[in-house]
Each structure stands twice: as C-alpha cells, then as structure tokens.
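The values are calculated or read from the model by the stated rules, or taken from the named source; none is laboratory data. Owing to the predicted nature of the structure, the values given are computational and were not obtained by experimental measurement. Cβ placement follows ideal geometry from the backbone for every residue including glycine, while neighbour counts extend to all protein chains displayed.
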Amino acid sequence: MRGSVVGTAVTLAAGALLTAAMTTATASPPPTAPAPSRTGASQPVLVDCLWQQTVRPDDFILACGDGNSRLTGLRWSEWGPDGATAEGVNMVNDCKPYCAAGTFRSYPVTVRLDGATSWKKHPEVQRYDRMSLTYPEDRPEGFKQVMTYPLWD
C-alpha cells in the first residue's frame, strides 16, 4: 500500500512539473531574432525546393535532389527590393569516397540575393531569381571564390 501511495505521489509531482514547464514555455517572451516569415507581400521572397516562399530564412537547401549542399545559420543584414545579404555557413558534402559515405564540411559564406522579379507560379509575388555565394576563406573543392546560381521559378 505504501508503494502505491509513493508511486502516485511521484506521478502527480511529475505531472505538476510538466505542467509548470509547459506553462513557462508558452509564457516566455518571443525570441529576439525575427523568425523566418512565410509571407512577403510587400517584399521579395526566396522560393525553396518545395515551392515555399520565405523571407529571411535561417536555413536554405541548395542541392534539392540530395541535400548535399545547404546554407545554415543565416543572419540577414538586408532584405528588400534591391537585394538581400546574409552571413552564414555553407555545409557541403565532400562525397569522398562517395556521397553516402562523405563528410559534411562547413565553409563561412556571404549570401547575396538579387534580381527580384515576378514569380511565374504567383505573378503577384516578387521573388529573388539569383543567389551569389562569396567564400572569404576556404571553399569547397572545385568552387570559385564567388559562385552564382539561378533560383527556382
């Protein structure tokens, strides 16, 4: 009987702690950095592999087919009709000896978006059509210091 009372008390205490933790988490102030936005009616958007439009994303997949190149930790200093600029890291799989057994390596990078034009899928939305990556230090094997890519339409 005593074991049953102790077990019930432990269960009730755990439930109270969980409730307190959830209440505290939901009452917490919003983070200081703005979260990525899924809308962008008044400003250009970045269209991802899944045709989702975002503004100031934290991460962005460059190699949609296999995910072997992605941008992470993006910190945007500009975002507007004339372009967008961020600092972040390009995580690239070296694919040695082959991609499934490769190692992801990180390279600091400056990201520049420009060429805001109407998006074919939603002509009322302006989307960036070009991305340039500048590697201030090391860069992936075979990459130039500045790599420019067309973006999805």
TODO: Among the numbered conditions (1) free of Cβ contacts under 8 Å to residues at least 24 places away in the same chain; (2) in contact with a Phe, Trp or Tyr (Cβ under 8 Å, 6 or more places away or on another chain), tell me where L62 comes up short.
DONE: (1)
TODO: Quick one: in the stretch 76-90, of everything that is over 17 Å from Q43 (Cα atoms) and touching a residue at least 24 places away in the same chain (Cβ under 8 Å), which residue is surrounded by the most Cβ atoms within 10 Å (Cβ to Cβ)?
DONE: N90
TODO: Starting from residues that are more than 19 Å from P81 (Cβ to Cβ) and aromatic (F, W, Y), keep the ones in the stretch 115-144 and report whichever is modelled with the lowest pLDDT.
DONE: F143
Open item on the list: Quick test of your reading of the structure: M147 fulfils all but one of (1) more than 26 Å from Q43 (Cβ to Cβ); (2) modelled with pLDDT of 95 or more. Name the failing condition by number.
Closed with: (1)
Task: Matching option when the condition is in contact with a Leu (Cβ under 8 Å, 6 or more places away or on another chain), modelled with pLDDT of 95 or more, under 20 Å from Q145 (Cα atoms) and hydroxyl-bearing (S, T, Y), among S69, S106 - done: S69
Open item on the list: Looking at N93 and the list (1) more than 21 Å from the chain's Cα centre (by Cα); (2) of a type in the set (S, T, N, Q); (3) buried (at least 16 other Cβ atoms within 10 Å of the Cβ), which single condition is not satisfied?
Closed with: (1)
